[in-house]
Structure formats: structure tokens, C-alpha cells
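These notes are about the structure you will find just below.
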Amino acid sequence: MSGIEERLAELRRAGLHRRRRLIEGPQGPRVCLDGAEVLLLCSNNYLGLADHPRVRQAAADAAERYGAGAGASRLISGSMELHRKLEGRLAEFEGAEAALLFGSGYLANTGIVAALAGAGDVVFSDELNHASIVDGCRLSRADTFVYRHRDLEHLERGLREAGSRARLIVTDGVFSMDGDVAPLSGLVELARRHGCLLAVDEAHGTGALGPGGRGSVAAAGLSGEVDVIIGTLGKALGGYGAYVCASAPLIDLLVNTARPLIFSTAPPPPSVGAALEALSLLASRPGLVEQLRRNGDTLREALAAEGLEVGDSRTQIVPVIVGDPRRAMALCERALEGGVFAQAIRPPTVPAGSSRLRLTAMANHRVDELRAGALVIGRAARSLGIGGGATMPDELSRAARPEGPAGLRRAA
Ligand SMILES: *Cc1c(COP(=O)(O)O)cnc(C)c1O
């Protein structure tokens with residue numbers, strides 16, 4: 001039957017088949033999973049805002065006042081007041097001239113890359129960038145130079161080769177599966193020297209890093225130095241949707257050329273209302289960001305103390321690198337038996353040979369919960385013979401990258 005069963009069987013054989021687990025109730029620090037209460041260590045609801053009473057109420061109020069949906073793209077049936085208001089707040093939050101809402105971070109990234117670069121241009125992309133950036137590069141029809149992870153020298157070599165064709169450097173601020181941080185000041189400098197735009201995706205930086213949770217760029221003291229900031233409303237801000245902050249002309253260009261903005265319905269009022277309230281909570285409770293940072297440190301140290309390989313994480317995202325996808329799944333299931341839910345992450349989300357548990361701390365986890373969670377994972381790992389250093393050698397995992405090895409990739 002058109003190969004569907006065969007393809008599913010192939011995924012199962014390779015240990016790469018995925019399924020959706022059922023969770024009851026909201027995304028709290030503990031959840032009911034398949035009928036049992038577990039400690040949730042893999043949600044991006046970093047500040048616990050997704051089910052905060054004020055955020056819920058704001059979503060409900062917005063639905064009452066403005067309805068459930070936006071009706072059309074804003075270029076067709078108009079912006080609602082709420083869209084305008086949120087964009088104003090987001091621009092202020094990021095210290096930018098202007099902001100623009102998108103349906104999601106995935107849509108924002110695909111739209112922005114393709115709007116800012118085209119055939120004949122070269123886009124420079126970190127090899128561990130999020131899939132939405134990878135897809136944006138593909139859609140842009142530009143050539144893509146994939147530079148080795150956080151490797152400024154490799155990037156510079158690519159920039160020199162591209163010469164005047166160099167158009168855009170794009171990077172995750174905090175890398176989504178590793179929790180390490182991009183070398184932002186070096187990137188700003190290279191972008192300037194080579195006359196390129198720089199775009200930083202703050203999906204995991206917003207609400208987590210920098211003063212007031214303003215993100216990795218602010219944390220590096222580089223506010224105002226980055227041309228394009230992308231953020232999501234779906235992670236630390238607890239709702240759904242995304243935004244881009246940039247100069248007014250750049251935003252105007254996106255309004256006119258970013259296809260996911262033009263051809264997709266605007267974010268619905270309840271999401272916009274929720275994001276407004278989440279932003280004001282973030283402003284009035286800077287302690288939340290501090291609590292998240294401390295919890296990230298606690299989780300990382302507790303896992304390292306169990307002898308687990310946690311890579312270069314510096315944030316609330318802590319990987320436990322296993323290597324083989326089947327072993328990563330086995331570790332996930334074993335940890336679940338101990339009441340800890342940390343989803344295994346496998347290719348193509350991460351490079352082949354680097355399957356892992358991706359753990360995340362939330363501000364509303366208790367320290368004793370995080371420590372107990374690390375103990376469970378440590379015990380589960382030992383019972384499966386998983387210890388430190390289970391990764392593939394770097395060269396191997398690089399060559400096995402689903403997107404192909406680093407270097408210049410010509411548009412098809
Ligand atoms: C999750 C994520 C996105 C996508 O954001 P959504 O709003 O969930 O679509 C984009 N970039 C990075 C780095 C992410 O981790």
C-alpha cells in the first residue's frame with residue numbers, strides 16, 4: 001500500500017519511530033502521564049506560565065471580548081488592536097524599533113530566512129540550528145553554508161569565500177537540544193565585517209537568560225547590535241505564537257514578503273491576550289528568571305554528579321547524551337518506571353550518534369524534585385550500562401548529520 005507500512009516498519013527497525021504520549025491536565029512540574037503521576041522534565045513551559053491563573057484568565061478575557069479567531073491574515077481583514085498592542089510591548093521588551101507577530105516560531109523562521117535571502121545569496125547557518133531555520137534556508141533558494149557548531153573560524157572562511165553573496169547569518173541563541181549558547185559577540189563582529197545581516201533565534205533564551213529574561217543577546221550585552229531577533233510565545237511565555245523584532249524598514253519588508261505572514265491566519269485573540277499577560281508577569285516577577293537559572297544549575301550539577309555526559313549546557317536545557325537511539329529510548333522508558341518523564345530525542349532532531357534525553361528545568365520545580373529526578377535517571381542509566389562518554393567521535397557524528405556534513409550546500 002504505497003509503501004506506508006514499509007516506511008513505518010523501517011522507522012521501527014531503526015529505533016526512530018515516534019508516538020504521542022497522553023498527558024492529562026496542564027503542563028505543570030508534575031503531570032499525569034498514561035494514568036500515572038510523573039515528574040515532568042521535558043517541557044518548555046520554563047516559567048510555569050502556561051497554566052498560570054492570570055495567563056489563563058487573560059486568554060479567557062480576550063476570547064470573550066475579541067472572539068476565538070482572527071478571521072484571516074492581517075493583510076486581508078486587518079490587524080486587531082490586540083495584535084498591535086502585543087507588538088508594541090514586544091518591541092519595547094526587546095529594545096527594538098518594531099515587532100511583528102507570526103503564527104509560530106516555525107513559521108517565523110521559515111518566513112524570515114526566505115524573505116531576507118534568495119537565489120544567488122548565501123545564508124550561513126550553525127550546524128545545530130533548529131529545523132525551522134534549516135527549512136527556511138531550503139525555502140529561500142539561497143545557497144547555505146553550514147558552519148560547524150559555534151565555530152567562528154569556519155564561519156569566517158565561508159564568509160570570505162562567499163564575498164558579496166553573503167547575505168544572512170542565522171543562529172539559535174540557546175541551542176534547543178544542547179542548552180549551550182551561540183558565540184554572539186563574535187557573530188556580531190563577523191556580520192558587521194562582512195556586511196551581512198545577523199538573525200538570532202531566542203526560542204529558548206526569552207524568559208530564561210539576560211536581565212528580565214530578555215534573552216541571550218541581552219545577556220551578552222548586545223541589545224541593539226543584532227539585526228533580527230526571533231522569539232516564540234510558546235515556550236517560556238507559555239502560550240502559542242511567535243514574534244520578530246527588527247528595524248522598522250526590515251519589519252516592513254517582512255510584512256510584504258514573508259509568506260507565512262501573508263498566507264496564514266493571524267494569531268487568535270486568546271493567544272495574544274495570554275502573551276500580553278505573560279509579558280507583564282515576566283516584567284513584574286524577575287525572580288522567576290532567577291529561579292529558572294538556579295534550577296537549571298541544580299539539574300545540570302545533579303546529572304553530572306551521577307556521572308552522566310551533559311555536554312556544554314549552560315542553561316535550563318540539559319542533554320544526557322546516550323548515542324544510540326534505541327538505548328536512548330530504553331533509558332527514557334526506564335526513567336519513566338521510576339516516575340520521571342524526560343523524552344528521548346533522536347535523529348533527525350539531533351545528529352545521528354547523539355541520541356539523548358533532553359531534560360529541561362522549570363522555575364516551579366522544587367530543588368528536591370530535580371535532585372530526585374537526576375538520581376532516577378542516573379540509576380536507570382547505570383542499569384542499562386550507560387555512562388559518560390557514550391557519544392560518537394565528533395567527526396563521525398558530523399558526517400552523519402541528517403542535513404549532510406558542514407560546508408557549502410548549493411540550492412537545488
Ligand atoms: C521550538 C523552536 C522553534 C519553533 O517555535 P514554535 O513557536 O514552537 O513553532 C524555533 N526555533 C527554535 C530554536 C526552537 O527550539
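Quick notes
- Of all residues in the stretch 177-215, those satisfying the criterion of being in a helix (DSSP H, G or I) and surrounded by fewer than 24 Cβ atoms within 10 Å (Cβ to Cβ) are Leu184, Ser185, Gly186, Val188, Glu189, Leu190, Ala191, Arg192, Arg193, Pro211, Gly212.
- Selection status of Glu87, under 16 Å from Leu279 (Cα atoms), assigned by TED's automatic domain parsing to the domain that holds Leu279 and buried (at least 22 other Cβ atoms within 10 Å of the Cβ): no
- Residue ID - nearest to the chain's Cα centre (by Cα), chosen from residues in the stretch 99-114 that are surrounded by fewer than 24 Cβ atoms within 10 Å (Cβ to Cβ) and among the small types (Gly, Ala, Ser): Ser104
- Hits in the stretch 216-229 - residues which are part of a strand (DSSP E or B) and closer than 10 Å to Gly205 by Cβ: Ile229
- Counting the residues of the stretch 69-87 that are in contact with a strand residue (DSSP E or B) (Cβ under 7 Å, 6 or more places away or on another chain) and among the β-branched types (Val, Ile, Thr) gives 0.
- Subset of the stretch 229-251 that is in contact (Cβ under 8 Å) with a residue 12 or more places away in the chain and surrounded by fewer than 24 Cβ atoms within 10 Å (Cβ to Cβ) - its residue that is farthest from Glu94 (Cα to Cα): Tyr240
- Looking across Arg19, Arg30, Arg74, one residue alone is at pLDDT 95 or above and open to solvent by 30 Å² or more (accessible area, probe 1.4 Å). It is Arg30.
- Picking from residues in the stretch 30-77 that are touching an Asp or Glu at 6+ places or on another chain (Cβ under 6 Å) and not in a strand (DSSP E or B), the one that is nearest to Thr360 (Cα to Cα) is Val55.
- Any hit, the stretch 66-78, residues being in the same structural domain as Thr360 (by TED's automatic domain parsing) and free of Cβ contacts under 8 Å to residues at least 40 places away in the same chain: no
- Test: residue in the stretch 292-309 that is modelled with pLDDT under 95, outside any loop (DSSP other than H, G, I, E, B) and under 23 Å from Gly238 (Cβ atoms): no
- Long-range neighbours under 9 Å by Cβ, at least six apart or interchain, first residue at positive phi and in contact (Cβ under 8 Å) with a residue 60 or more places away in the chain within the stretch 93-109, second assigned to a strand (DSSP E or B) and away from the ligand (no atom under 11 Å from the Cβ): Gly95/Cys245
- Scan of the stretch 167-226 for residues that are acidic (Asp, Glu) and either more than 16 Å from the ligand (Cβ to nearest atom) or at positive phi (or both), ordered by number: Glu189, Glu225
- Candidate set: the stretch 127-154, residues that are within 10 Å of the ligand (Cβ to nearest atom) and touching a Phe, Trp or Tyr at 6+ places or on another chain (Cβ under 7 Å); chosen: the one nearest to Ala115 (Cα to Cα): Ser132
The values are calculated or read from the model by the stated rules, or taken from the named source; none is laboratory data. Just so it is clear, the structure is predicted and the values come from calculations on it, not from any experiment. Ideal geometry is used to build each Cβ from the backbone, glycine not excepted, and the neighbour counts take in all protein chains shown. Note: areas computed on protein heavy atoms with side chains; ligands, DNA, RNA excluded. Shrake-Rupley method; radii C 1.70, N 1.55, O 1.52, S 1.80 Å.
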